[in-house]
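Okay, so here's the structure we're looking at.
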Amino acid sequence: MLTYSDNAAFWVFNRLAHFKYLFYNRVIDDIQAVQNELESGYQEQVNYVDNQALSLFANDPQQAIAYLTDFSNQAGHNTVATWKELDNYLLVKYLDSNVKQEENGQFKRNGYGYPAKPKQPGYPDSWKKAVIEQTGDRFRRPE
């Protein structure tokens with residue numbers, strides 16, 4: 001927990017969670033899309049894997065155990081790799097509070113091959129209102 005490793009599930013998951021905590025309203029749709037894709041893919045695979053494991057178990061329980069262990073390890077590695085890729089993607093997409101434009105999962109480019117002008121959403125009105133309420137007249141210019 002005190003030494004960062006980009007190959008450890010703990011750090012990959014927590015890094016993305018930290019990003020979500022900071023920019024929830026901007027990143028949650030991107031995160032949920034990948035999360036739903038992973039979950040639905042595993043849900044589809046589990047019935048098949050369970051049936052295969054039962055079939056293997058009837059003849060050789062150790063082979064069934066090895067099969068399920070291999071499936072679980074692959075699913076874990078795939079999940080960590082996918083989450084790591086998403087974290088990198090979100091870092092690029094939302095760098096410096098800008099939002100890079102994208103289309104069909106690819107960042108848009110201008111006619112010269114450079115990134116298209118990013119959107120700059122600014123601060124939400126709720127934040128602006130809170131700043132005004134907390135500072136009162138402290139920064140008001142004299143008339």
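Kindly list the number of the only condition in (1) within 23 Å of residue 6 (Cα to Cα); (2) in a loop (DSSP other than H, G, I, E, B) that fails for residue 117.
Condition (1) is where residue 117 drops out.
When both residues are 6+ apart or on different chains and their Cβ atoms are under 8 Å apart, which pairs have a first residue that lies in segment 115-143 and is closer than 23 Å to residue 95 by Cβ, and a second that is among the hydrophobic types (A, V, I, L, M, F, W, C)?
Cβ pairs passing all conditions: 115/107; 116/107; 118/99; 119/99; 120/99; 121/99.
If residue 122 passes every condition in (1) in a helix (DSSP H, G or I); (2) under 23 Å from residue 18 (Cα atoms); (3) modelled with pLDDT under 95 but one, which one does it miss?
(1)
The values are calculated or read from the model by the stated rules, or taken from the named source; none is laboratory data. The shown structure was predicted, so the numbers you read here are calculated from the model rather than taken from an experiment. With ideal geometry, Cβ positions are generated from the backbone for all residues, glycine too; neighbour counts draw on all protein chains shown.
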